[in-house]
1. For the condition within 21 Å of the chain's Cα centre (by Cα), within 19 Å of G256 (Cα to Cα) and at pLDDT below 90, what is the one hit in L375, L292, L306, L287?
2. Can you find a residue that is open to solvent by less than 60 Å² (accessible area, probe 1.4 Å) and at pLDDT 90 or above anywhere in segment 328-345?
3. Name the residues in segment 97-122 that are buried (at least 20 other Cβ atoms within 10 Å of the Cβ), small (G, A, S) and modelled with pLDDT of 60 or more, would you?
4. Which residues, counting only those in segment 156-180, are open to solvent by 10 Å² or more (accessible area, probe 1.4 Å) and either closer than 25 Å to L506 by Cα or part of a helix (DSSP H, G or I) (or both)?
5. Got a number for residues in segment 378-433 being open to solvent by 10 Å² or more (accessible area, probe 1.4 Å) and over 31 Å from the mean Cα position of the chain (by Cα)?
6. Which of the residues spanning segment 21-69 are surrounded by 14 or more Cβ atoms within 10 Å (Cβ to Cβ), β-branched (V, I, T) and more than 17 Å from A114 (Cα to Cα)?
Amino acid sequence: MASITNRNISDHIHAQQDQLDFDPPSRPVLAVFIALSVFTFVALMPLPEFFRSIWMTCGAVLLSISVVGLSGASATRRHIALGLAVVTGYLFWALAFPAAINGGDDNGAYLVFARDFYGDIRATIQPLSERRLFSVGGIYAFQAPVIHWFGMGYLSLVEPALGILLFIVAVVTRPKLPVAAALLAIIVIALMPLLGSAALANTASTFIIGSLSLVLILLALGIVRGGRPTSMELAAIVTLPLAALVFRPTTAPFNGLLAGGICLWLVIRNPMDAVRLAVLGLPIVGLFGSSLLVYHDIGGSWLYPLLGRGTHITSEGISIMGSMPLSGHLANIARITSRDIPFLLALVGALSSLVVLRRNRSVCLAFLAVIVIFLIFAASVVIATSGLASGRYITPVSFSMIVVSLIVVGEAFSRWSFLQSQGFTRFAPPALLGILLVLLLGARVAGHGVAERRLLQHELTREQAAMVRNVGDIINSRIGSNGAVVLVDISEARFLVPLLQARVLLMDQPGMLIPWRQQTNTEPLPDYTTGLTDYLARMDTKAIVVKDLSCAPQPAFAPAGWADLMRYGVRRNTDALCEIAKTAERIDLGNYTVLFPHRP
């Protein structure tokens, strides 16, 4: 009898898999994500201040209302427990913790850029800042209005809260996904910030950029179902990867390969789709290109490193990967991926989904291609970074793969009689909502220590604040608003910048950029010390602030990997500052050193 029952269950499952018709994201979801992308592209353009403030504020508010309304209405329409889960997950991450900020990583760069972004994007041009070169600025379009109207303490409204809601809206708007499966997905999404806490070590985008990859994957799996793709679907194929680029170029290998694969498959299936893609894609690419005009002034690259290396240290012929042998890269890949919990969960979930999809050949093969692209992406990130903080760049795509796997499995079993039974549909949603509440309460208690430590990094102690004021007062009294002040790897820059009257140049990763490359036609370029000295003179630099400036001789070394490359940059920059200090006035204040190259 048991064998007959098991065989019947197996036949039932196979029958449901044969009927599986995986749909792409709905029109309202695609419309929201395309609107989000267009808003970001325009925000990156040098708009007049009046129109810029209107665009930033109204655009961010309307987009937020649209996402909240679409997710809340879609969820509540299906089940009240689903609607309550959406509200609970959003409010928890918006309000339960202070903004997830790592002081050492953000106060010296990202938060300064986000604050200045609201009024004039050109104020964020920092030719000495490697972090600004690495960030086109898409996330600032959402952070800047929050900082302007509410302050730094409410940045959690953007990351992770808005990003989580974008993940959720892609889930609850799928009518074939059972309510219980949608609730389970929301539970996983709501716990992701804890699972990927390392990825939230700064205010760079994790969930918003991850949601773009999520919708792109769902679009890829839905398009292979057959039938001609709609114009909105084609527009999304072009728009989503470009939007992800302006948030953070780190997901470009995954999104680019996936979007390119979709386009190739569409053109092979129907050559006329090439015309449709061109007609729809060219205006989008033009808008995207216009959003890079200001960014190009930062480091001489239209999009580092994809469209040129500009003034980065790698343009000197120095490789990020350095002299690390292949065996070292392979060891890094094995070490990083075996310890990266989001990556492992994503891989296990994706492979499990292939078992569910095995009787739906087209969708199964499409998802297998996605998995291969995911593995290539993870390996490329580890190799490019030499294993340094690789998890933070892989995590957004890992999260999207986890959610896609939950959707695939949930929809595959949507017609299973057990899931449609009256008892299950009545009691499962409230029970899952209760589980979500208990888990989030536990997360709040368990995360209290982490939140407190991050809050201490976010704010200054009384002694630190007094020292920062002293530094600001001395510089202001000596140079006033004349010339420029260079802050060299100052983690408290966010607190010091508003105190200074002169123009501020941020050097957050010392020695990694050579902006004088854009200003000279001579070859070869001058050595770093000569180049920096001349550049600072041309920028009318009146003061340089650096921490713990030590001019003791250090042994030379050849960089092998990203970490060594940054050490190499710090070393050559320190040597240059020590050379400048020989003819400058030097004032030491605690662990700060202030150099005045040109005496007032």
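1. Values: L375 fails: at pLDDT below 90; L292 fails: at pLDDT below 90; L287 fails: at pLDDT below 90.
Exactly one of L375, L292, L306, L287 is within 21 Å of the chain's Cα centre (by Cα), within 19 Å of G256 (Cα to Cα) and at pLDDT below 90, namely L306.
2. Yes, because at least one residue in segment 328-345 is open to solvent by less than 60 Å² (accessible area, probe 1.4 Å) and at pLDDT 90 or above.
3. Across segment 97-122, the qualifying residues are A99, G108, A109, A114.
4. If the condition is that a residue be open to solvent by 10 Å² or more (accessible area, probe 1.4 Å) and either closer than 25 Å to L506 by Cα or part of a helix (DSSP H, G or I) (or both), then L157, E159, L162, V179, A180 are the ones that fit.
5. 18
6. Selection gives V29, V32, I34, V38, V67, V68.
The values are calculated or read from the model by the stated rules, or taken from the named source; none is laboratory data. Just so it is clear, the model here is predicted, and its values are computed rather than measured. Glycine also receives a Cβ, built like all others from the backbone with ideal geometry; neighbour counts cover every protein chain displayed. Note: accessible area is taken over every heavy atom of the protein model, side chains too, but ligands, DNA and RNA are not part of it. Shrake-Rupley method; radii C 1.70, N 1.55, O 1.52, S 1.80 Å.
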